[in-house]
Amino acid sequence: MIYLVLGTIAFGLFIVYDLNSLYWGVHVIHTFFTAGIVVLTACVIMLAGRIFSHGDVAFLQYGVLTVPLILAIISFVLMIYSLFFALPFKKTYVEEAGPGTVYTEGMYALCRHPGVLWFCLFFLFASVALGDKLFATCGLYYSVLNIGYGVFQDKVTFMKILTGYVEYKQHTPFLIPNTASIKKAIGK
């Protein structure tokens, strides 16, 4: 239960961060995004640590790195890349929010919320690799919260702070890439 509560708090911090960027501009609240990441990361580490401390890890029981584990690692790396390297980090996360221009290249040509896509896939594949019901339940819950946060950003935040977002929405899928967005993302 604590993992679900902490996950809810993490996504609540993300939403307050966005609202602050839109309406209040309180400097200390600008740190809530980082605080949300810390809380969510702590949840995942505690969940995984709980599994490893009991030695009930599915991929360890078979003595090989399984395909789901490899896919979880790839998804995690792509999520980190999408959130922190595909976008200009300082302008996106450090500076106080103001009007910006939508970024439409690379991962952000694939779909409007690639971080959400890779986040969900990470939890799907990690849940299979770890073979733990609590991890899977929390991963599903966090994924639903993250999709909800993506919808909030899509309908409220980004519409107000990113110039060109309306046009971007017309040409780029929300979460699930299509053939045209995949071709654009890889530069074809």
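The values are calculated or read from the model by the stated rules, or taken from the named source; none is laboratory data. Computed from a predicted model, the values in this text were never measured in an experiment. Backbone-built Cβ (ideal geometry, glycine too); neighbour counts: all protein chains shown. Note: accessible area is taken over every heavy atom of the protein model, side chains too, but ligands, DNA and RNA are not part of it. Shrake-Rupley method; radii C 1.70, N 1.55, O 1.52, S 1.80 Å.
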From the set of residues in region 128-156 that are more than 16 Å from the chain's Cα centre (by Cα) and farther than 22 Å from LEU71 by Cα, which is surrounded by the fewest Cβ atoms within 10 Å (Cβ to Cβ)?
LYS155
Mind listing just one residue for me: the one in region 3-27 that is aliphatic (A, V, I, L, M) and modelled with pLDDT under 95 and, of those, most open to solvent (accessible area, probe 1.4 Å)?
VAL26
Suppose we keep only residues that are among the basic types (Lys, Arg) and modelled with pLDDT under 95 within region 62-112. Which one would you say is surrounded by the fewest Cβ atoms within 10 Å (Cβ to Cβ)?
LYS90
Name every residue in region 33-57 that is open to solvent by 60 Å² or more (accessible area, probe 1.4 Å) and in contact with a Leu (Cβ under 8 Å, 6 or more places away or on another chain), in order of residue number.
ARG50
Could you say whether any residue in region 166-179 is more than 28 Å from PHE125 (Cβ to Cβ) and polar (S, T, N, Q)?
yes
Could you grab the pairs with beta carbons closer than 9 Å, sequence gap of 6+ or different chains, first residue in region 146-166 and closer than 15 Å to GLY100 by Cα, second one open to solvent by less than 30 Å² (accessible area, probe 1.4 Å) and among the basic types (Lys, Arg)?
GLN153/ARG112; ASP154/ARG112; PHE158/ARG112; TYR165/ARG112
The condition of being in contact (Cβ under 8 Å) with a residue 60 or more places away in the chain, part of a helix (DSSP H, G or I), in contact with a Ser or Thr (Cβ under 7 Å, 6 or more places away or on another chain) and farther than 16 Å from ARG50 by Cα holds, among ALA109, ALA129, only for ALA109
Number of the exception - ILE161 against (1) in contact with a Gly (Cβ under 8 Å, 6 or more places away or on another chain); (2) surrounded by fewer than 20 Cβ atoms within 10 Å (Cβ to Cβ); (3) at pLDDT 90 or above:
(3)
